[in-house]
């Protein structure tokens, strides 16, 4: 391999890979619109040794079979298809010029760009450029970069700047959530300490409809006692005399109570309540009865 001067043309793709066993050498491939540059680092020479390089045009690549086999063994079939399409001027999304690819990326969302980068190794490298990360920065944060961020991007790249901004946003969000939870806990504790005054509930007593108690006359009460006597006499058994005696005593007590409540009035007392005009008549009746 020789090391010819590399032409100043826009780089379409840069890939790095490791060869299969038993060689395990490192390779680097740089592809432009017209040229191909291959770098090879031998393991035996150490990591600080200068690589061997091979330079070829796209037109010469069509006939170089040795280069085909080497690239296929190291980088795979996808890279070979990409180079064949580029050599025979078959345009697709992967081998477009950088400006055309950026114009297409502007119409995609950040999630769409990340999904496109996962499809193949070629698209991973195309979406991992600094210009694409600048577009991702504006799409994720939804604003244009500040002058300070542009200075930082010159030193470390847009990918690192975006990572730092996202980490800063997450930290602020975590602090705010912690402060909100603290205030909520304090509010809950204060509410628990202050017991709410319960309003006095008036107890409503249900008014049930009570049947009026009718005053029984003395004759009706006597009749009931007489019926009780009959029932008691029927329930008495000859074997036991105690139960009958108890029941008879209850009937006698009921009679005494009735006598207290409604004493029987004599004929003279009833006559005294009559007016004066009727007393004479009653007296005449008595005299007549005496004769």
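The condition of being more than 24 Å from residue 124 (Cβ to Cβ), more than 52 Å from the chain's Cα centre (by Cα) and touching a residue at least 24 places away in the same chain (Cβ under 8 Å) holds for only one of 34, 52, that being 52. The numbered conditions (1) closer than 18 Å to residue 18 by Cβ; (2) surrounded by 14 or more Cβ atoms within 10 Å (Cβ to Cβ) are all true for residue 129 except (1).
Looking at segment 161-184, is at least one residue within 30 Å of residue 75 (Cβ to Cβ) and at pLDDT 90 or above? Before the answer, list the steps.
Residues of segment 161-184 within 30 Å of residue 75 (Cβ to Cβ): 162-163.
Filter again for at pLDDT 90 or above, leaving 162-163.
Within segment 161-184, one or more residues are within 30 Å of residue 75 (Cβ to Cβ) and at pLDDT 90 or above.
Taking residue 121 as the residue in question, decide whether it is assigned by TED's automatic domain parsing to the domain that holds residue 169 and modelled with pLDDT of 90 or more. No; evaluated as a whole, the condition is false for this residue. Screening segment 77-112 for residues that are without any contact (Cβ under 8 Å) to a residue 24 or more places away in the chain and within 20 Å of residue 16 (Cβ to Cβ) and picking the one that is surrounded by the fewest Cβ atoms within 10 Å (Cβ to Cβ) gives 77.
The values are calculated or read from the model by the stated rules, or taken from the named source; none is laboratory data. Nothing here was measured: the structure is a model prediction, and the numbers come from that model. Neighbour counts run over all protein chains shown; Cβ positions are idealised from the backbone, glycine included.
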